[in-house]
Structures are given as structure tokens and as C-alpha cells.
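Read-outs throughout are calculated quantities, based only on the coordinates presented, and are distinct from any laboratory measurement. Because the structure is predicted, anything quoted here is derived from the model rather than measured. Methodologically, a virtual Cβ is constructed for each residue, glycine included, from the backbone with ideal geometry; neighbour enumeration extends over all protein chains shown.
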Amino acid sequence: MKCKVQFLLLLLFGVAVHSALAQSSQDPRMKMTTETAPDGHVLFKVENLSAQPITAMVLQVTHSYPTNPGHSGQSLRYFDSLINSDTERDLLRYQTHTFTLPKISGPNVAGVRSDAALRAAIFADGSSYGDPQWVNRLMLGRKAASQSLEEAVKILQAAKASGASRDVLTKQAEDAKSVKAKAARVPEEKMAAGQVYETIAWSLKSDATAGSPSTSLSVTARIDELISRFGRQQQRLLNSKPSPVATSPVGLAAN
Amino acid sequence: MLVYFASEARISSVSAGKCDPRDASSVIARFDCGRFEWELVVADEAGDTYDEGAYNQSGMCGGGYTDCSCDLVDAYTLDASKDFVPTDNGDGTWNWYWDLYGYNQATYGGCTSGTCEGTGETETQNPTVAMYQGFDQNEYIGCTY
């Protein structure tokens, strides 16, 4: 497998490539492989070998630039069936999730070195894989989502009680998103909280501009729909393991 | 598991101000009911690109039913869409992510009033946002400040 990965990457980039598969701490609950897609993207695949579903993962791809020595950027890729409950489902036994790694090219980023690693995963029983700091970051994202859902419901209830207009409520959601982004200590908090408030703003905008007028909800009806939707998502988060409510921000990584 | 890979080296300079990242994504495919698949790409004017790969979002098909007033609601499609959200860190690096806007399947219910209370339907659109998928942090695109 190691040789295969090296060969594929050598074909892709034409330079020396070092796979660190042998150094990785292989967890018997997961099988990780890489392959190169026809379009040249490297695919990082995680197969769940455990009876426990995987509910969250984070992949970190660190970029080091020869054109800017000492500096590194990073691409973070998330999977979370609780935060992204609209689009992602628990990764069951023998199911595979595929992360696509970025392709970076051009005169100013040439020679970029990328290191990809699955930093953490959370299983449905509350157990985890990976660096505890990264597990904590995933949990901080869930806590931010839970808190934002709770606060968003309060905003929606107040807007309904006061008869707030679509524009006023949209601005409240955008302001709340901005406040959360500024307060976020890690991207996971910013993105998870932002998704909640962006959902409010997008729903109101969609009602105002899209589709048949007879199927667009009134502000009050949309508020009721969002409160119901957020309530269901909040319940799933609160029922999950580990509990996002109990998460404490200890040992945060700087990036 | 850690995988390391590298791309070909080629270095040149670029003038300041020409490197602000922009959304250079393309549509890979457009499916029924407003579903889009994009190749999400960040680019600057100097020719650097960050190709994040293929991402998709669902739109929705609605209408095609009789409402509570006995009016036929014409069938319609709502497309998925996206926003590129970059942030300048002020040191030659940028953060960015995408908001992918779409819809879950519409939900339908009965009428509680109206002339077609017994036979008409109500339709509720379910807008959704995918944001917690990826985040690029401190990405260098070669600007000289």
C-alpha cells in the first residue's frame, strides 16, 4: 500500500514524495487510504471498521511554501453528521468517507509541500481517535453549534413576539453571526455557529426572492419552521456522546 | 495517517495588490431540480490557484399541486448557489470558506382552511446552508505588502 501511494503521487507531481503511512498510528477501527483521482486530486479515504458509527472527523492539510519560508497555511476539512445533519449521515461500519485534498499551483505558491493527516474522529459511543486537542476542537464546534441553536431560537421567538420584519430579523442573524465569528477561538467554533445564523438569513432571503409567491412562507411561518428545525437539531446534539454541553476549552491548539 | 506530497517548483515575483483571492470556481454539472456540482477554486490575478475539489449542493423542485384556494401552483425549480467568503489577514495570507446554499426536499401538508380545504395542499420550502465543510487558514498567495 505504501509503495502504491508513493507511486501514484510520484506520477502526479514528478518529484520525490514521502508517504508517512508507516509512521501513522493505525487504529483498528478505521482504514485510511489515499488514491489519485483522474482529475489529479489526491483523495483521502476513511473506512469505518468499527461497529460504532463515526459522527465527526477533521482532516488537516498543512501547506508549506518555499516562496515564503517559515510560513504555513492549512486546509481543514470536516465531517460531522450532527452539525451537518442536512447533508451528512453517520458513517456506518464498512462505509467510506472521502476527503478531497486541494491542488495548489501557480508561480507564487510553486513547490508547496502538503502534509495531510486525519487529526481526530469521534464515534457514536463517545470514544475518539487522534490528538486530544483536535478532538476537543471538534467538540468545541459542537458546543458552538448547540449554543448558537439555543440563542437563535431565542432571537426567533423574540422576533415573532415583536413582529419583526424580514429585514430586521435578517440583520439580527447576520449580526449574531459576526459576533460569534469574532469571539471564536478556533475555526470550528466560527464555522459551526455561523452555519446556524446563515441558515436563518438564507431562509428569509429565499422566501423573499425565490419560487412561487404562494409557496414562500411568511416571516412568522418561517420563524416557526426554523424553531422546529433547530429544536430537532439541538436535541440530536444534546443526545450525542460526548455531551457538547460538558465540553471545556482546554489545551486549545493555536491553529 | 500522514501523507506528504509536493508540487513542482517555479518561483517568480508579483506586484502588490494583484493577489486578492477570487472565486474562480466552475460548474462541473447541473442536475435535475437545481442540484449543482462545482469545482471550487480560489485564484489570484498572478495565476495562482487553490483547487479545493468538487462540492455539490441540492436545489429543489416544487409546485405542481393544487393549493388551498384550488389554484394550481405551477411547477418550478430553485437552484443551489454558493458564496466565496475570503478574509484578509493583513500579512499576505488569507482565510476563506464557501457558503453552499440549497434546499432539502419540500414538505407537503393538508389545508386547514380555504375552498379546497379537503383536497388542497400546502408546500414548505426547506432552505439549507452547508458551511461547516472546509476552512482554509493562513493561505499564502504570494502578495508583497
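Some observations on this one:
- Restraint check, A:31/A:103; A:171/A:205; A:45/A:143; A:177/A:205; A:31/A:143; A:182/A:205, Cα-Cα greater than 19 Å: A:31/A:103; A:45/A:143; A:31/A:143; A:182/A:205
- Dividing the C-alpha radius of gyration of segment A:141-246 by 2.2 N^0.38 Å, with N its residue count, gives 1.08.
- Fewest-first ordering of A:104, A:83, A:227 by other beta carbons within 10 Å of each residue's beta carbon gives A:227, A:104, A:83.
- Averaged over the residues of peptide A:75-86, the number of Cβ atoms from other protein chains lying within 10 Å of each residue's Cβ is 4.
- Legend: ranking of residues A:230, B:84, B:31, A:79 from fewest to most surrounding C-beta atoms inside 10 Å; resulting order B:31, B:84, A:230, A:79.
- Net +/- balance of residues flanking residue A:164 in space, Cβ distance below 12 Å, scoring K and R +1, D and E -1: +3
- In order along segment A:200-208, phi translates into HN-Hα couplings of 5, 4, 5, 5, 5, 5, 4, 4, 7 Hz, rounded to whole numbers, per the Karplus curve 6.51 cos²θ - 1.76 cosθ + 1.60 with θ = phi - 60° and x for Gly and Pro.
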